[in-house]
Each structure stands twice: as structure tokens, then as C-alpha cells.
């Protein structure tokens, strides 16, 4: 298990979130952030078995959490064994945008926090192959 940490000033990782209440309410929040996590490696093969990334969000952003985890494992495809993703989980927590109307005037503002979860299982791997040959043209 390897732990890592990348401070914001050295990071190339950006988080993005839709939407912010400014303008027409469809603008995206996008910001570089620091992050940390873990990488689990199989000591015999060197294959990555699990990858975790936890974004270090500032308390002043509309996005409070943005984390990703991917698990890998051995999959047999066409009589060969490959290391492939088996499961991926991402979780985000951010502010919703609501429209308030008062005295015939409306404006957008931040609403309550919303938690979004994306949990994927990867199955039914199969191999795609093709063969081709070039035939010379004949008169």
C-alpha cells in the first residue's frame, strides 16, 4: 500500500461541478485542488489493485467533496489474463442551485447540499479482434 499527497500548488488535478448561480445558472465551477490517496499494488505482479483519490476541497467552494475509488482484478479474456477495472465508486457533495422569486423579481442562489454517488461494476469483458489482408490489384 502506497500513500501519496499532492499539494494544490503542485497539482494538475481539477474538479468541476455544475452549476453556479451566477449568470444564467448553467455555468460550471472548475478549480485545481490538492489531493491525497492510496495505491494498492500486488507485490508479486506489480499490478495496481486499488486506487483512491480524495480531493482536498476548500470550505468556500460549492463542491464540498469529490472522491474516487477504482478496484482492479485479474480477468481472463480470450485465454489471456489481464488486469482490468472491476468496480469504480465516485462520490460528490455539492450545493444545489435554486431560484427564489420575491416581489416579481427572481434570482439564483445556492440551495441545500446534494450528495451524488456513482457506483459501477465492470463485467462481461470480451475481446474485439479483426483480421485484414491487402490484396494487390490485378488487371
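Overview of values
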item: Matching residues, the range 1-25, being loosely packed, with under 14 Cβ neighbours inside 10 Å, closer than 30 Å to residue 99 by Cα and at pLDDT 80 or above; result: 14
item: Flag for residue 52 being touching a helix residue (DSSP H, G or I) at 6+ places or on another chain (Cβ under 9 Å), within 28 Å of residue 2 (Cα to Cα), modelled with pLDDT of 90 or more and surrounded by 10 or more Cβ atoms within 10 Å (Cβ to Cβ); result: no
item: Pair list, Cβ under 8 Å, 6 or more apart: the range 24-37 residue more than 30 Å from residue 2 (Cα to Cα), other residue at pLDDT 75 or above and outside any strand (DSSP E or B); result: 29/61; 29/62
item: Test for residue 110: is it in contact with a strand residue (DSSP E or B) (Cβ under 9 Å, 6 or more places away or on another chain) and either at pLDDT 85 or above or closer than 29 Å to residue 5 by Cα (or both); result: no
item: Flag for residue 70 being modelled with pLDDT of 85 or more, within 14 Å of the chain's Cα centre (by Cα), part of a strand (DSSP E or B) and surrounded by 12 or more Cβ atoms within 10 Å (Cβ to Cβ); result: yes
item: Hits in the range 110-125 (condition: within 17 Å of residue 84 (Cβ to Cβ), part of a strand (DSSP E or B) and touching a residue at least 40 places away in the same chain (Cβ under 8 Å)); result: none
item: Residue check, residue 42 surrounded by 13 or more Cβ atoms within 10 Å (Cβ to Cβ), without any contact (Cβ under 8 Å) to a residue 12 or more places away in the chain and closer than 28 Å to residue 124 by Cβ; result: yes
item: Residue match in the range 26-44 (condition: at pLDDT below 85, part of a loop (DSSP other than H, G, I, E, B) and farther than 20 Å from residue 84 by Cα); result: yes
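Yes/no matrix, rows are residues, columns are (1) closer than 18 Å to residue 40 by Cβ; (2) modelled with pLDDT of 85 or more:
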residue	(1), (2)
81	no, yes
86	yes, yes
92	no, yes
95	no, no
99	no, no
103	no, yes
119	no, yes
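The values are calculated or read from the model by the stated rules, or taken from the named source; none is laboratory data. Just so you know, these numbers come straight off a predicted model, no measurement behind them. Neighbour counts run over all protein chains shown; Cβ positions are idealised from the backbone, glycine included.
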